[in-house]
Amino acid sequence: MTMTRTLDPHAPPRDAATLNRLLFTKLMPLLIAAYVLSFLDRTNIALAKHHLDVDLGISAAAYGLGAGLFFLTYALSEIPSNLIMHRVGARFWIARIMITWGLISAAMAFVQGETSFYLLRLLLGIAEAGLFPGVMLYLTYWFGREQRARATGYFLLGVCLANIIGGPLGAALMQLDGVFGWRGWQWMFMLEGLPAVFFAFVVWKKLPDRPSKAPWLSAAEAQQIERQLATEAEEGTGYGGHGLKQCLTPQILLAIFVYFCHQITVYTVIFFLPGIIGKYGEMSALQIGLLTSLPWLAAAIGAIALPKFASTPRRARHMLVAGLLTMALGLAIASLAGPVISLTGFCLSAVMFFVVQSIIFLYPASRLKGAALAGGLGFVNSCGLLGGFVGPSVMGLIEQSTGNAMNGMKVIAVVLVVAALAATRLRQGQEQRAVQAVPGRRQRA
């Protein structure tokens, strides 16, 4: 399907503020909705954890391993997926990703034991690979550096919304237990997986590949946006090409380390928070789901309100360090206090989850361009997402060996402090350029 430009080709471009509002209005709802569905389908096993144990004998350690296996194949498939999207366009590739992950997620309803659980989690990782770094690449086609952190923050609302609605929705779907002989968790996997398949066709119809393909921009506006973004790319270090060596500079490796620590935290909380809350006292599945949504409501507030202040490299770095330390403090409080204060600690930590993540991707985006940017964003996300494997896997072992998941939270709080110290050394490409322009001062990129 070809998108046809409907505006007068001779109309003068609208002002920058109006154009930015238009871009946010036209693009972000589609991208956020896709990410909501993505996170519902990769994390709904958290609500099924107890039932998988009772019905299929999947232990806490096996559950933690299965939760983490998703990230192994996801990480291995990220770079090729992003390079393919760079060649074939976001509209086609994001739609393809959604169809395959939706079908595999629905197939989780047919899990029979540990082997099939592991296999489907591995396949789901392959199917979904490329969505997040693909969108990070896609945003560089539309938004300049001043607006990109804000756009990324809005996109990450998908995680918050998925976790806000995921608990109550999953609990409601599990009330279908016994209908047509299916267990409640089977209905949840099926009815949360298939919507991604249908929404893929909305993405195919509505999401333009680039400004030049958007029917709601004039030709002059599209050229203005693309010209401005090309100029910004040249102002950074702007490495192009296809080689992996552009992604192995100290600064990008440092960004990967920080992101790895961040992802350990986020996915450990996602996969284990419902179980932690379930031990606060006797509660129904719906009550657990509602309480689980509270930290993600806090995360949504942070994602909306804070990334827009990361408008300069210095502010971005300060917010990144402060965000990591706030996450550490929140988890430390959660691991040491009673139920009410513990949940408050999780909420405090969650406020900064997606403020931190929206800022981290500014660093590789300021240093790469073209195919190197596509591969580089995939590489950063792949390496960082290994934290999504390490966190749940280690957490499952800690819970099984000590009987207390909170011991793992204490370890993660320390990891976040180390990440904050590392983040003080991060510099964006334009900062590097400014340093090198001063006689007698050099800093390796």
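Observations on the model:
- For segment 284-423, the Cα gyration tensor yields ellipsoid semi-axes of 29, 18, 15 Å (square root of five times each eigenvalue, largest first, whole Å).
- Across the options Ala303, Gly193, Ala230, the greatest Cα extent toward the positive end of the charge dipole of the chain (unit charges at beta carbon of Lys, Arg, Asp, Glu) belongs to Ala230.
- Net charge, Gly302 excluded, C-beta distance under 15 Å - Lys, Arg +1, Asp, Glu -1: +2
- GNM flexibility winner over the chain from Val88, Val351, Val394 (Cα, springs under 10 Å): Val88
- Only helices enter the 222 nm calculation for the chain: every DSSP H run of n ≥ 4 contributes -39,500 (n - 2.57), and dividing by all residues gives -25500 deg cm²/dmol, rounded to 500.
- Gain in span if fully extended, Asn404 to Leu30, counting 0.36 nm per residue against the direct Cα distance: 130.7 nm
- Of the residues Ile252, Ile58, Ala107, the one whose Cα sits farthest towards the positive end of the charge dipole of the chain is Ile252 (charges of +1 on Lys and Arg Cβ, -1 on Asp and Glu Cβ, taken about the Cα centre).
- Additional length obtainable on full extension of the chain from Leu397 to Thr115, 0.36 nm per residue less Cα span: 99.7 nm
- Extending 7 Å from the Cα toward the beta-carbon at both Phe92 and Phe180 defines two label points whose distance is 3.5 nm.
- Potential lengthening between Leu76 and Val411 on full extension [0.36 nm per residue; Cα-Cα distance subtracted]: 117.9 nm
- Normalised per residue, the volume of the convex hull around the Cα set of segment 367-409 (Å³): 52
- Simple point charges give the picture: +1 on the Cβ of Lys and Arg, -1 on the Cβ of Asp and Glu, and for segment 22-436 a dipole about the Cα centre of about 1140 debye.
- Only one item in [x] 37.6; [y] 21.2; [z] 19.4 matches mean projected area of the Cα convex hull in nm² derived from the coordinates shown, and that item is [y].
- Each Lys or Arg adds one and each Asp or Glu subtracts one; over the other residues with Cβ under 13 Å from the Cβ of Gly68, this totals +2.
- Amide hydrogen proximity for Leu368: with H placed 1.01 Å from N in the peptide plane, the residues at 5 or more positions away or on another chain lying under 5 Å are Gly238, Tyr239.
- Of Lys206/Lys308; Lys26/Lys308; Lys279/Lys308; Lys308/Lys410; Lys279/Lys410, those spanning more than 29 Å from alpha-carbon to alpha-carbon: Lys279/Lys308; Lys308/Lys410
- Residue-count net charge about Lys206 - beta-carbon cut-off 11 Å; Lys, Arg +1, Asp, Glu -1: +3
- For the pair Leu297 and Gln228, a Förster radius of 41 Å applied to the C-beta separation gives a FRET efficiency near 0.70, rounded to the nearest 0.05.
Throughout, read-outs are computed from the coordinates displayed, never taken from laboratory work. None of the values given here were measured: they were computed from a predicted structure. A quick note on method: Cβ atoms are made from the backbone with ideal geometry, for glycine too, and the neighbour counts reach across all protein chains shown.
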